[in-house]
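The values are calculated or read from the model by the stated rules, or taken from the named source; none is laboratory data. Quantities reported herein were computed from a predicted structural model and do not represent experimental measurements. Backbone-built Cβ (ideal geometry, glycine too); neighbour counts: all protein chains shown. Accessible surface is based on the protein model in full, side chains and every heavy atom, while ligands, DNA and RNA are left aside. Shrake-Rupley method; radii C 1.70, N 1.55, O 1.52, S 1.80 Å.
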Amino acid sequence: MPVVNVKVDGEKVILSGPYNVNLPSRAKALGGRFDGNTKSWAFDARDEERVRAMAKELYGTDGETTAELVTVQVDLTDRIFGERWTIGGRIIIERRGRDDRVRLGDGVVVVSGTFSPSGGSIKNPSIGPCDGIVLEIRDIPKAAVEGVKNCSIVSQTEPQTDLMAEKERLMARLDVINALLQQQEAT
């Protein structure tokens with residue numbers, strides 16, 4: 001699972017996590033600003049729940065709770081790809097140059113088959129033929145793989161665990177809110 005963190009810092013909510021091709025446009029739509037020094041996005045603190053929901057949709061977690069995550073196997077037979085294949089913004093496989101090896105994304109393993117040593121052209125590299133290749137993709141949000149061709153779920157997370165983690169996070173937040181209210185009443 002990718003390392004993702006959403007935290008409130010004063011009047012900002014900060015989101016940090018690995019690169020996701022869908023994050024920049026989604027973050028900007030929520031008024032997010034990218035900080036190149038910290039490699040994180042900053043949002044208005046009032047949008048905390050929206051930022052958490054976006055993180056869970058893109059990464060499967062907001063660092064505290066997780067969406068329903070699954071491990072799937074995908075048969076790539078008869079599939080044609082350009083230089084990269086992503087699911088839900090997560091890089092699954094890519095070939096950066098015609099003669100470069102195919103790189104697997106985080107949490108992706110080859111169950112069977114092998115990729116060709118080269119594919120495409122110098123200007124337009126491609127993954128190449130995929131007959132007989134089966135990939136296993138671990139810890140990906142279930143919603144991201146719905147509708148993916150030749151995809152079957154191997155295992156999934158226990159929703160009870162996720163609900164308990166969310167309950168603990170909400171209880172901690174309630175404690176903070178109660179303390180703030182007591183401070184305001186005392187003044």
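In percent, rounded to a whole number, the relative contact order of region 1-140 is 23, using alpha-carbon pairs under 8 Å and six or more apart. Counting only GluC sites (Glu not before Pro) that DSSP places in a loop and that have at most 15 other Cβ atoms within 10 Å, the longest clean stretch of the chain runs over 69-145.
Pairs exceeding 23 Å between alpha-carbon atoms, taken from K7/K39; K142/K167; K39/K167; K7/K56; K12/K39: K39/K167.
Remark: region 20-93 carries 48 Å² of accessible area per residue (probe radius 1.4 Å; ligands, DNA and RNA excluded). Taking the 1.4 Å solvent-accessible surface of region 31-70 as the whole, the part contributed by carbon and sulfur is 44%. Got a number for carbon plus sulfur as a percent of region 101-178's accessible area, 1.4 Å probe? Using a 1.4 Å probe with all protein chains present, region 101-178 comes out at 54 percent carbon and sulfur.
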